[in-house]
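The values are calculated or read from the model by the stated rules, or taken from the named source; none is laboratory data. These numbers come from a predicted model, not from an experiment. Ideal geometry is used to build each Cβ from the backbone, glycine not excepted, and the neighbour counts take in all protein chains shown.
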Amino acid sequence: MVELAGWGNYPRKSCRVVRPAASSELSAASASSMIARGLGRSYGDAALNSQGAVVLTERLDHLLSFDRETGLLEAEAGMSLATLIPLTVEGGWMFPVVPGTRFVTLGGCVAADIHGKSHHRDGSFGNTVLELALLLADGTRVRCSRDKRADLFWATIGGMGLTGMITEVRVQLQRVSSAIVEEQIRVGRNLEETLDQVETSSAEDPYSIAWFDLLAGGDAFGRGIVSGGRFVEGERRLRPLQIFSVPVEAPNFLLNRPALRAFNHLYFQMKAGALEKRHVPMGAFFFPLDALGNWNRLYGRRGFIQYQLVLPLSSVRDGFRTITDVIRSRNCPVYLTTVKKFGPEGEGLLSFPMEGYTMALDMPWQRNLTEETLRELDRIVIDFGGRVYLAKDARLAPQTFRTMYPRYPNWRAVKISVDPEFRFSSELSRRLEMESDAT
Amino acid sequence: MRPDDGSVVIAGATSEIAQACARILATKGYRLLLWGRNEEESRRMALDLKARYGAEVACKKLDALDFESHPSLWRDSLKECGNIQGMLVAFGALGAPTIDLSDFARTRETLDLNFTAVVSLACQVAPYLEERQRGWIAVIGSVAGDRGRRENFVYGSAKGAAALYLQGLRARLWRSGVKVITIKPGFVDTRMTHGLVPARLAASPESVARRIVRGLERGEDVFYVPWIWRWIMFGVRIVPERIFKRMALR
């Protein structure tokens, strides 16, 4: 038994872990309840299971094929982008969609249908997946795609590992000219201005992400830095990653409001004053926080939550204003905020992105953060027609989830057809009461 | 040891240490021949090595306990690769978690897998290398072979026997320029030990592999990995028997 947690270190659960060292060692008979776990970068309880087994996929790391002429890649689901990207970029290819860290497995990318700085143009990871191989609850192995068992395909993409164990993933990469990105910085001095800059950047830049300061007071509230990027010509080798790692959980007082306010202020000044356009290594552009290993430990023993929501285009300005009003009035400790424009919704039945804007709020579990406040945020999100990301979530209520994900009944029908006994289940699926009949 | 001097045979190729070694050897340009019990897993490993490093990899099925099959396996391997420079033996198994003194069948299997099978393969490879006047045989042993312990003496005795055999073989082959290398890992974080030891105390297969390949390239005789085990086992070996027999070590 090992104590496991998501990236937010909340909740923590004691789980029985198994670690198959080869694909042939995978068995659906390991336990009456099992869930796969890659590198544990989901924030909440998606990869935890206190009622059965957690299957660690890290040793299922064979690259099965990589065609350097066509950019088609197939690999076992335990392979990480950290291992794959240097390899592919050297060949002039890159994943069109990557999340904010390279330390994710292919299986995790599929299960969470991750999105990245390119969503407004390229959509989510599911768009780049051609075919999946799955181990189902009855022990059979199947392959699915847009043409073959498409219902299972779209239930697995974004399906949080609950349709079965993803064993292999086939992806179409895109050509890149180098490992260098030209970054363009745009500055907003308040919430509205920064949102305007996000709009501009999304129209002009293939890759775009924004950092907002929600701790600044007065007129500066919501000031931010929008970072847009595009690949340029240059060398195709990734810089080796120098990681300074946070060795232990920091004391609870380390990250506090005044310290973060000061940090935000300095960060804003630094970025706002920097060169408008500059060349950065792609590792630093796509995965800025990877250089600080185990940065989640800075939030201490209690951990934190990342509340990531998306609102449809029509309600973004009003919605964001309402949400930030609540944050301000309740004095919520929002230590990191990122915002991004999303493109159209994908076909994953439980996929998170929809056409609109997403906002991710990192908040430590502290006095000023209460479940009551989060429920109020849930209500606002629902009122404005949006939803919350399951891969970051640790506390959504069952009914809230069902309201936010209208395609859940369709997903559940597929789930029941391949796994009627819910052999693939996790803390998340139990918290959301997926096994019960309520829809 | 050079990449262009012939293929490297890895016996027990799908073990995690072997896979890590294979990856390192592949980046250095060695041609590999994987002998594994599970042909599908060997095939995947070969695909991985080819896709990642463009390596030349062939596979053959090895049933370590089927001694009768070893001569033909060796003949077929030579025919396929032409030139073989060395063999890394990486298979092994701990055997039953608790030793049943009366269960000879199980005991014999553990002894055969960890010792007799190694000798059987050496009987094929050593004469070839002796005639060739160069090359190497490396075997992954274990610190468990340094002293018989209550917890794992069947496994330990087989590993110890293998170390002795290799010691003699080393003396026999050195005039021909053939190296015999005994590798003694401590706890390594693999399927064999998962759950038995806290991960902190176990070395990763990758770090062990790096040390092994270094040892192969230098042609070392015997080495422990990680190095600290050399001193741990020195301490273990000097404990007087009347005290050691009472100790329960984990």
Evaluate the following for A:Glu433: is it out of contact with any Gly (no Cβ under 8 Å at 6 or more places or on another chain), more than 30 Å from A:Asp138 (Cα to Cα) and free of Cβ contacts under 8 Å to residues at least 40 places away in the same chain? no
Count - residues of the stretch A:1-20 that are crowded, with 20+ Cβ neighbours inside 10 Å and in contact with an Asp or Glu (Cβ under 7 Å, 6 or more places away or on another chain): 1
Pull up the stretch B:39-74, narrow it to residues that are over 14 Å from B:Ala11 (Cα atoms) and in a loop (DSSP other than H, G, I, E, B), then point me to the one that is farthest from the other protein chains (Cβ to nearest Cβ). B:Glu56
For a quick check of your reading of the model, give me the residue pairs whose first member lies in the stretch A:11-23 and is within 14 Å of another protein chain (Cβ to nearest Cβ), whose second is part of a strand (DSSP E or B) and buried (at least 16 other Cβ atoms within 10 Å of the Cβ), with beta-carbon atoms closer than 6 Å and at least 6 apart or on different chains. A:Cys15/A:Leu4; A:Cys15/A:Val54; A:Arg16/A:Ala53; A:Val17/A:Val54; A:Val17/A:Leu56; A:Val18/A:Ala53; A:Val18/A:Val55; A:Arg19/A:Leu56
Just name the residue that is nearest to the other protein chains (Cβ to nearest Cβ) out of those in the stretch A:47-61 that are of a type in the set (A, V, I, L, M) and surrounded by fewer than 24 Cβ atoms within 10 Å (Cβ to Cβ). A:Leu56
Subset of the stretch B:145-172, residues surrounded by fewer than 22 Cβ atoms within 10 Å (Cβ to Cβ) and farther than 23 Å from B:Pro97 by Cα, comes to B:Leu164, B:Tyr165, B:Gln167, B:Gly168, B:Leu169, B:Arg170, B:Ala171, B:Arg172
Which of (1) within 14 Å of chain A (Cβ to nearest Cβ); (2) out of contact with any Asp or Glu (no Cβ under 8 Å at 6 or more places or on another chain); (3) under 26 Å from B:Asp112 (Cβ atoms) is the odd one out, the single condition B:Leu78 does not satisfy? (1)
Count - residues of the stretch A:62-82 that are among the hydroxyl-bearing types (Ser, Thr, Tyr), more than 9 Å from chain B (Cβ to nearest Cβ) and under 23 Å from A:Pro20 (Cα atoms): 1
Top-ranked residue of the stretch B:81-100 - restricted to ones that are farther than 18 Å from B:Asn114 by Cα and surrounded by 15 or more Cβ atoms within 10 Å (Cβ to Cβ), ranked as nearest to the other protein chains (Cβ to nearest Cβ): B:Cys81
Has the stretch B:120-127 got any residue that is modelled with pLDDT of 95 or more, within 30 Å of A:Ser65 (Cα to Cα), touching a Phe, Trp or Tyr at 6+ places or on another chain (Cβ under 6 Å) and more than 14 Å from every other protein chain (Cβ to nearest Cβ)? no
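What about A:Ser32, is it surrounded by fewer than 17 Cβ atoms within 10 Å (Cβ to Cβ) and either within 20 Å of A:His62 (Cα to Cα) or within 13 Å of chain B (Cβ to nearest Cβ) (or both)? Can you show your working first?
Values: surrounded by fewer than 17 Cβ atoms within 10 Å (Cβ to Cβ): yes; either within 20 Å of A:His62 (Cα to Cα) or within 13 Å of chain B (Cβ to nearest Cβ) (or both): no.
No; evaluated as a whole, the condition is false for this residue.
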Of the conditions (1) under 14 Å from the mean Cα position of the chain (by Cα); (2) under 24 Å from B:Ser157 (Cβ atoms), B:Ile232 fails just one. Which one is it? (1)
With the first residue restricted to the stretch B:173-191 and required to be under 17 Å from B:Ala20 (Cβ atoms) and of a type in the set (Phe, Trp, Tyr), and the second required to be at pLDDT below 95 and in a helix (DSSP H, G or I), Cβ contacts under 8 Å at 6 or more apart or on different chains are B:Phe187/B:Leu201
Check on B:Gly82, modelled with pLDDT under 95 and more than 20 Å from B:Lys159 (Cβ to Cβ): yes
Quick one: how many residues across the stretch A:94-132 are crowded, with 24+ Cβ neighbours inside 10 Å and among the aromatic types (Phe, Trp, Tyr)? 2
The one condition in (1) within 14 Å of chain A (Cβ to nearest Cβ); (2) touching a Lys or Arg at 6+ places or on another chain (Cβ under 7 Å); (3) among the polar types (S, T, N, Q) that B:Thr27 fails to fulfil: (2)
Go through the stretch A:366-377 and give me each residue that's at pLDDT below 90 and of a type in the set (A, V, I, L, M, F, W, C). A:Leu369
Evaluate the stretch A:376-390: report whether one residue or more is farther than 19 Å from A:Val334 by Cα, of a type in the set (Gly, Ala, Ser) and not in a loop (DSSP other than H, G, I, E, B). no
Restricting to the stretch B:84-120, and then to whatever is free of Cβ contacts under 8 Å to residues at least 40 places away in the same chain, among the charged types (D, E, K, R) and in a helix (DSSP H, G or I), can you tell me which residue is nearest to B:Phe67 (Cα to Cα)? B:Arg108
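Filter the stretch B:11-24 down to the residues that are part of a loop (DSSP other than H, G, I, E, B) and either in contact with a Lys or Arg (Cβ under 7 Å, 6 or more places away or on another chain) or more than 10 Å from chain A (Cβ to nearest Cβ) (or both), then identify the one that is nearest to B:Arg210 (Cα to Cα).
B:Ala13
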By residue number, the members of the stretch B:164-206 that are assigned to a strand (DSSP E or B), away from chain A (no Cβ under 14 Å) and aliphatic (A, V, I, L, M) are B:Val178, B:Val180, B:Ile181, B:Ile183, B:Ala203
